[in-house]
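Report on the structure given below.
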Amino acid sequence: MACLEPNCHCTQYFIEHRYGLGFFTDAYDLFCISTVSRLLGRLYYYDPTTKHPGTLPANVLATVNGVALCGTLAGQLFFGWLGDRMGRKKVYGATLKIMVICSIASGLSFGRTAKSVMTTLCFFRFWLGFGIGGDYPLSATIMAEYANQRTRGSFIAAVFAMQGTGIVAGATVSIIVSAIFNRAFPHPSFDEDPIASTPQEADIVWRLVFMLGAIPAVVTYYWRMKMPETARYTALVEGNAQQAAMDMTKVLAVEFVVEQAKVDKLRVVDNYSLFSREFARRHGRHLLGTTSTWFLLDIAFYSQNLFQKDIFTRVKWLPPAGTMSALEEVFRISRAQALIALCSTVPGYWFTVLTIDWIGRRPIQLMGFAMMTAFMFAFSIPYYTLREGHYLPFIVLYAFTFFFANFGPNTTTFIIPVELFPARLRSTCHGISAAAGKAGAIVGAFGFLYAAQSSKEGDQEVGYPTGLGVRTALILLGIINGLGFLCTFLVPETKGLSLEVLSGENNVELVTEDSLDSQQPAISIRRS
């Protein structure tokens, strides 16, 4: 029997799987670079005079890792704006095509020299990030506009949680591919034979890892194109009440009734622009809150790799580079990253899914920032003591910072922006908030990479200037988390309220007289 309840569990399950796969793909494409970056160094930057395995120069490493983040920032702004102009579904198709093409092209990066290969790789990863950037505001907007007010938080959080699965998948694919090649082409460690330790076949490994990211993007494209445009966009932005009702009736097997006259009235009354005084009066504080918290969160979140190398080395997950072949190093790095994600990142996401509609968005965000601040200080103050022998506390504190980032602001900063703004500006404002986050990610991933270098001349990694030291950098990150806690008070609690109430679009009542209460969405639902 067909399910007749609007926004029921059956429908949400259907939508979650289609849009969750998009975030799975995003995370896979963004984070798989970390599993093969050392392999790229061994392949293209080995210098026999150093007697050490090849490593990417500081500027090349920063570019390879950061170019996708820059592309993501640009994509979030552009596609967020375009989603409010052309519609969510139409723009979605374009972002997925970009992701498929650039995933394959990244693996086909060509050239006869290290510089040419890295240049083409960075070019395609920028545009891959550009496509990924569009997925943030568009997915969030579509999910919010399909969800009901009672379970909207867990619905959006469940889709966003697929990022954790994508991170694990990227590491798993690297494990499998490197293990297969290592078994087919066994080679000695670098210390035994520097040249033979990096076989020519290793060049195929990183290319396969990148290109396999196109598969979930293709599947996502097929599923997403089967979904109609959201009713809220069709009715409140395009002004087509009849088409909105027809689309939602088809998707949910429930009869929708939208009164054209009331839609027209709302579009006349609430027609202020993003740069108007009316927007500043209604939503200026909200936009400041969503951008500042996401910016501060991503500085801390993307700087976690500052001490990842110490973690992996001290707990013996990653032996010295010279004792491994190139393919064995890929295997061990990928395995360590998968363990961290499974033990802290993934559980943090799903704790949020289970509790967000019970605890609320703002309490979870406040708790997450508070706990991240506490654990960061607990980690940073005795950092050198922990690093030299206290391995268990070292890894536990590290894991808990990830856990409370995801059972906290990493999820809520994604959800809150899509709930506060009106339909015609919803995708744009989410894109602006997400882009602020990626600006923070760039600061965290690269600004703090340089800041964490030793303050003593000669103790820095090759190619880096003197910095503040890891301990000082981590203390600064603790302060940044504390600022995120304070900025959270700029955003209201959104739990249990309809999008129309939160955005102010209920100024003109759109629902028919038989609606169950005054906080129903702008589209009336009747059982068919």
Practice item. Count charges around residue 197 for me, please; just the other residues with Cβ under 15 Å from its Cβ, Lys/Arg as +1, Asp/Glu as -1. Key: -4
Review point. Past the 31 Å Cα-Cα mark, which pairs from 115/316; 438/495; 89/495; 51/115; 51/438; 90/438?
Key: 115/316; 51/438
Study note, to complete from the structure: Per the 1/(1 + (r/R0)^6) rule, R0 = 25 Å and r from the Cβ atoms of residue 497 and residue 90, FRET efficiency to 0.05 is 0.30
Practice item. Please name which of 132, 86, 166 has its Cα lying farthest along the dipole of region 83-180 towards the positive end, using unit charges on Cβ (Lys, Arg +1; Asp, Glu -1) and the Cα centre as origin. Key: 86
Review point. Per residue, how many Å² of accessible area does region 413-502 show with a 1.4 Å probe?
Key: 33 Å²
Review point. Where Lys and Arg each count +1 and Asp and Glu each count -1, what net charge lies around residue 325 among other residues with Cβ under 11 Å from its Cβ?
Key: -3
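DSSP loop chymotrypsin sites (Phe, Trp or Tyr not before Pro) in region 77-137 with at most 14 other Cβ atoms within 10 Å of their Cβ, which ones?
For chymotrypsin sites (Phe, Trp or Tyr not before Pro) across region 77-137 that sit outside H, G, I, E and B with at most 14 neighbouring Cβ atoms in 10 Å, the list reads 110.
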Revision key, fill the gap. The answer for trypsin sites (Lys or Arg not before Pro) in region 330-373 that fall in a DSSP coil and have at most 15 neighbouring Cβ atoms within 10 Å is none
**Study point:** Simple label model, 7 Å out from Cα along Cβ direction - residue 192 to residue 450, nm
**Key:** 4.1 nm
Point to revise | Full-stretch length increase - residue 223, residue 472 - with 0.36 nm per residue and alpha-carbon distance subtracted | key: 84.9 nm
Study note, to complete from the structure: So for region 341-470, using the alpha carbon gyration tensor with a ≥ b ≥ c as root eigenvalues (a/c under 1.5 gives rounded; past that, a/b versus b/c decides prolate or oblate), I'd call it oblate
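The values are calculated or read from the model by the stated rules, or taken from the named source; none is laboratory data. None of the values given here were measured: they were computed from a predicted structure. Glycine gets a Cβ as well: all are built from the backbone with ideal geometry, and neighbour counts include every protein chain shown. Heavy atoms of the whole protein, side chains included, go into the accessibility calculation; ligands, DNA and RNA do not. Shrake-Rupley method; radii C 1.70, N 1.55, O 1.52, S 1.80 Å.
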